[in-house]
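Enquirer: Submitted below is the structure of interest, expressed as structure tokens.
The values are calculated or read from the model by the stated rules, or taken from the named source; none is laboratory data. Everything numeric in this text was worked out from a predicted model, so none of it was measured. Note that each Cβ is placed from the backbone with ideal geometry, even for glycine, and that neighbours are counted across all protein chains shown. Just so you know, the surface numbers come from the protein's heavy atoms only, side chains and all, with ligands and any DNA or RNA stripped out. Shrake-Rupley method; radii C 1.70, N 1.55, O 1.52, S 1.80 Å.
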Amino acid sequence: MSSDCLNFKDTHRFSKLVEDYANSHPQLVPFFNRPFCTDSFGPQMAEKAQNYPTSHRAILVDALKEQYAHLKVSKSTLANMESLSKEDTFTVTTGHQLNLFTGPLYFWYKIIDTLKLASHLNTIHPTKKIVPIFWMATEDHDFEEINHFNLNNLTLSWAGVNLGPVGRRDVKGLESVLKLLQEHLQPGFNGDYLTSLFEKSYNNCTDLSTATRFLVNELFGEDGLVILDADHPKLKSLFVPYFQEELLQQTACKSIEATSEALQENYHKQVNPRDINLFYITQNSRTRIERQNDGLFSSGTDYRWSEAELLHELELHPDRFSPNALLRPLYQEVILPNICYVGGGAEVAYWMQLKSYFRTQSMTFPIMKIRNSAVLLTSQQENKWLKLGLSKEDYLQPIKQVTDKFALSGGEGKPNFEGLYKQLAEQFDTLKQFAKATDPSFSSALEAQLRKQKKGLQNLEKRWLRAQNKLHQQAIFRVQRNYHSVNPGGKLQERFLNFAPFYNEFGSNLKSQLMHSLDPMTQGFYVISM
């Protein structure tokens with residue numbers, strides 16, 4: 001096994017904000033609290049300790065023990081859970097939707113990054129305890145985003161429609177998915193384990209939240225991961241003052257818009273805030289709370305309230321209120337003694353819109369870590385690729401760029417187009433100097449001719465590439481076939497494929513190799529040869 005870590009910028013797959021944050025660009029400094037580096041964590045813990053009430057710890061631990069009551073808990077997870085009651089314990093957190101059978105591979109990368117970061121911080125801060133948390137997005141209501149996963153060229157889907165918070169959804173109708181999973185995995189120990197894991201997770205649990213907790217605990221419980229479902233009345237009660245403030249003052253919209261405008265001077269805005277960033281939830285619905293005249297209502301329903309009535313409803317039933325994507329980070333930081341959030345590029349982008357809002361709520365803004373990305377290569381894929389004269393990094397480039405590179409590398413006596421472009425520029429630079437000394441008006445004619453000559457040379461280069469592609473058609477087909485075996489449909493492997501085909505081949509070594517390869521203190525893209 002070997003691995004190489006690339007800078008996000010070198011992959012050409014990530015936004016400018018991700019590239020700049022990973023490279024500590026100074027223009028992003030106003031949008032985060034402390035940079036992601038070893039020296040930031042000591043001060044971050046000291047600051048968080050000042051505004052995380054001790055009383056929250058007991059409520060958090062009670063809620064977790066309720067959620068784990070019917071689950072087999074490892075000694076390391078139990079110890080981590082109980083340590084949360086102590087004032088010298090902090091958390092590092094990642095979160096994700098309740099994707100069927102974990103969904104795409106990066107679900108794993110998020111969790112492994114979080115586990116390794118917690119372990120690393122425990123080593124360098126021996127007087128503190130750092131607990132890894134997986135936050136289940138149980139209140140999300142987009143069923144279509146989570147109801148499937150991909151095995152190579154096959155998509156396995158759970159039929160159904162949106163019915164409110166997915167965590168509360170009854171786990172039914174998955175027998176056909178289990179059958180397909182069984183049919184498309186190689187027979188043997190690893191395949192049998194995967195089908196058994198799927199069956200135990202979804203057939204023996206009542207709802208998707210419980211099923212996902214069981215599944216993730218089976219995969220990562222022995223590593224001490226603590227899995228949290230924040231859709232809990234005791235935890236929601238801690239957030240009641242913030243719910244009230246959002247209903248009455250709408251501070252979030254004003255402060256987030258101001259920060260977003262500043263961020264937009266150089267970057268794309270990820271999320272737009274609403275006047276009220278809350279949902280009202282029942283067992284089968286999650287709908288926006290909106291203001292109309294002097295009252296409030298839940299869009300698409302018959303629920304209508306005066307301000308006083310809705311505040312009374314909040315006091316009696318805080319579990320019926322749900323933060324949207326922009327308020328969820330604040331909810332997380334209120335109920336957890338959290339010092340770092342591990343997320344993807346889009347998540348980090350919208351967290352940066354929240355910096356000033358956190359300040360208005362007197363809440364410590366966590367350190368943000370862009371999760372590591374990865375592409376996994378089998379030895380067969382890698383050997384064939386290298387024999388074609390391509391590098392492992394080429395797997396991350398667009399297929400057209402890869403085939404052009406291959407065509408350009410084939411055969412002797414190929415035109416030196418780079419040299420021709422340089423020679424052309426030098427010749428026209430000489431002519432421009434003569435023009436300045438004789439007739440300055442001649443310069444515009446020279447510029448027009450240079451553009452014409454460049455265009456002609458570009459057309460010749462394209463024709464030559466087409467000829468090379470035709471000449472090496474069979475070899476290029478092998479390049480394309482190998483490329484698409486790693487990037488299905490041209491998509492990043494981690495955003496498309498499920499862990500199952502890799503676990504089927506490598507078994508428990510999949511996790512151990514990822515744990516070995518991913519460095520918690522980097523923010524980059526790994527090419528891992530299995």
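Enquirer: Sort out for me the strands (runs of 3 or more DSSP E) sitting completely within segment 241-315 that have 3 or more residues that are without any contact (Cβ under 8 Å) to a residue 40 or more places away in the chain and either under 30 Å from residue 28 (Cα atoms) or not acidic (Asp, Glu) (or both). I'd like the intermediate steps shown before the answer.
Expert: Details: elements: 278-282, 285-292, 295-298, 304-306.
Qualifying strands (runs of 3 or more DSSP E): 285-292, 295-298, 304-306.
Enquirer: Sticking with this structure for a sec: Please give the number of the condition residue 253 fails out of (1) farther than 15 Å from residue 331 by Cα; (2) crowded, with 20+ Cβ neighbours inside 10 Å; (3) hydrophobic (A, V, I, L, M, F, W, C).
Expert: (2) is the only condition that residue 253 fails.
Enquirer: Out of segment 297-311, which residues are open to solvent by less than 20 Å² (accessible area, probe 1.4 Å) and farther than 13 Å from residue 244 by Cα?
Expert: Once the filter is applied, which keeps residues that are open to solvent by less than 20 Å² (accessible area, probe 1.4 Å) and farther than 13 Å from residue 244 by Cα, segment 297-311 yields only 298.
Enquirer: Please list, ordered by first then second residue, the pairs with beta carbon atoms under 9 Å, 6 or more apart or interchain, first in segment 4-24 and more than 17 Å from residue 268 (Cα to Cα), second assigned to a loop (DSSP other than H, G, I, E, B) and acidic (Asp, Glu).
Expert: Pairs that qualify, where the first residue is more than 17 Å from residue 268 (Cα to Cα) and the partner is assigned to a loop (DSSP other than H, G, I, E, B) and acidic (Asp, Glu), are 5/519.
Enquirer: Would you confirm whether any residue within segment 95-102 is open to solvent by less than 50 Å² (accessible area, probe 1.4 Å) and aliphatic (A, V, I, L, M)?
Expert: The answer is yes; a qualifying residue exists.
Enquirer: Within segment 108-125, can you find the residues that are farther than 11 Å from residue 514 by Cβ and in contact (Cβ under 8 Å) with a residue 40 or more places away in the chain?
Expert: Selection gives 110, 114, 117, 118, 119, 120, 121, 124, 125.
Enquirer: Give the residue, chosen from 445, 467, 425, 435, that is open to solvent by less than 20 Å² (accessible area, probe 1.4 Å), at pLDDT below 90 and assigned to a helix (DSSP H, G or I).
Expert: 435
Enquirer: Of (1) part of a helix (DSSP H, G or I); (2) surrounded by 13 or more Cβ atoms within 10 Å (Cβ to Cβ), residue 30 satisfies all except one. Which?
Expert: If we test residue 30 against (1) part of a helix (DSSP H, G or I); (2) surrounded by 13 or more Cβ atoms within 10 Å (Cβ to Cβ), just (2) comes out false.
Enquirer: If you don't mind, there's one more thing I want to ask. Applying the selection to segment 256-287, what residues are more than 18 Å from residue 334 (Cβ to Cβ) and out of contact with any Lys or Arg (no Cβ under 9 Å at 6 or more places or on another chain)?
Expert: Correct list: 257, 258, 262, 264, 265, 269, 270, 271, 272, 285, 286, 287.
Enquirer: Oh, and also: In segment 1-44, which residue that is modelled with pLDDT of 95 or more and of a type in the set (Val, Ile, Thr) is nearest to residue 370 (Cα to Cα)?
Expert: The extreme case among them is 18.
Enquirer: Could you list, in sequence order, the residues of segment 33-82 that are of a type outside the set (Asp, Glu), within 25 Å of the chain's Cα centre (by Cα) and either farther than 27 Å from residue 204 by Cα or open to solvent by 40 Å² or more (accessible area, probe 1.4 Å) (or both)?
Expert: 33, 34, 35, 36, 37, 38, 40, 41, 44, 45, 48
Enquirer: Taking segment 440-499 as the region of interest, how many residues are farther than 26 Å from residue 184 by Cα and hydroxyl-bearing (Ser, Thr, Tyr)?
Expert: Count: 3.
Enquirer: So, one more: Check whether at least one residue in segment 116-134 is under 17 Å from residue 209 (Cβ atoms) and either modelled with pLDDT under 95 or part of a loop (DSSP other than H, G, I, E, B) (or both), and report yes or no.
Expert: No, because not a single residue in segment 116-134 is under 17 Å from residue 209 (Cβ atoms) and either modelled with pLDDT under 95 or part of a loop (DSSP other than H, G, I, E, B) (or both).
Enquirer: With the requirement that a residue be in contact with a helix residue (DSSP H, G or I) (Cβ under 7 Å, 6 or more places away or on another chain) and either among the hydroxyl-bearing types (Ser, Thr, Tyr) or farther than 23 Å from residue 113 by Cα (or both), what does segment 204-236 give you?
Expert: Those that are in contact with a helix residue (DSSP H, G or I) (Cβ under 7 Å, 6 or more places away or on another chain) and either among the hydroxyl-bearing types (Ser, Thr, Tyr) or farther than 23 Å from residue 113 by Cα (or both): 205, 207, 208, 209, 231, 232, 233, 234, 235, 236.
Enquirer: Among the candidates 508, 517, single out the residue that is under 30 Å from residue 121 (Cα atoms) and touching a Phe, Trp or Tyr at 6+ places or on another chain (Cβ under 7 Å). If you could, list the steps in order and put the result at the bottom.
Expert: On the way: 508 fails: touching a Phe, Trp or Tyr at 6+ places or on another chain (Cβ under 7 Å).
Residue meeting the stated conditions: 517.
Enquirer: Would you mention how many residues in segment 312-329 are farther than 12 Å from residue 236 by Cα and either more than 22 Å from the chain's Cα centre (by Cα) or buried (at least 19 other Cβ atoms within 10 Å of the Cβ) (or both)? If you could, list the steps in order and put the result at the bottom.
Expert: If we filter segment 312-329 for residues that are farther than 12 Å from residue 236 by Cα, which is where we start, we get 312-313, 324-327, 329.
After this cut, where a residue has to be either more than 22 Å from the chain's Cα centre (by Cα) or buried (at least 19 other Cβ atoms within 10 Å of the Cβ) (or both) as well, the list is 312-313, 324, 326-327, 329.
Qualifying residue count, segment 312-329: 6.
Enquirer: Kindly evaluate residue 185 against the criterion of being open to solvent by 40 Å² or more (accessible area, probe 1.4 Å) and either of a type outside the set (Phe, Trp, Tyr) or farther than 27 Å from residue 68 by Cβ (or both).
Expert: Judged against the criteria, residue 185 is not a match.
Enquirer: While we're here: Could you pull out every one of the helices (runs of 4 or more DSSP H) wholly within segment 471-530 that has 3 or more residues that are surrounded by fewer than 20 Cβ atoms within 10 Å (Cβ to Cβ) and either free of Cβ contacts under 8 Å to residues at least 24 places away in the same chain or of a type in the set (A, V, I, L, M, F, W, C) (or both)?
Expert: 473-486, 509-517
Enquirer: Does at least one position in segment 149-156 carry a residue that is buried (at least 17 other Cβ atoms within 10 Å of the Cβ), in a strand (DSSP E or B) and in contact with a Gly (Cβ under 7 Å, 6 or more places away or on another chain)?
Expert: yes
Enquirer: Looking only at segment 159-174, how many residues end up being in contact (Cβ under 8 Å) with a residue 24 or more places away in the chain and of a type outside the set (A, V, I, L, M)?
Expert: Result for segment 159-174: 6.
Enquirer: When you look at residue 414, is it at pLDDT below 90 and either closer than 25 Å to residue 9 by Cα or open to solvent by 10 Å² or more (accessible area, probe 1.4 Å) (or both), yes or no? Lay out the reasoning, then the answer.
Expert: Values: at pLDDT below 90: yes; either closer than 25 Å to residue 9 by Cα or open to solvent by 10 Å² or more (accessible area, probe 1.4 Å) (or both): yes.
For residue 414, the condition - at pLDDT below 90 and either closer than 25 Å to residue 9 by Cα or open to solvent by 10 Å² or more (accessible area, probe 1.4 Å) (or both) - is met.
Enquirer: How many of the residues in segment 201-233 are open to solvent by 40 Å² or more (accessible area, probe 1.4 Å) and in a loop (DSSP other than H, G, I, E, B)?
Expert: 2
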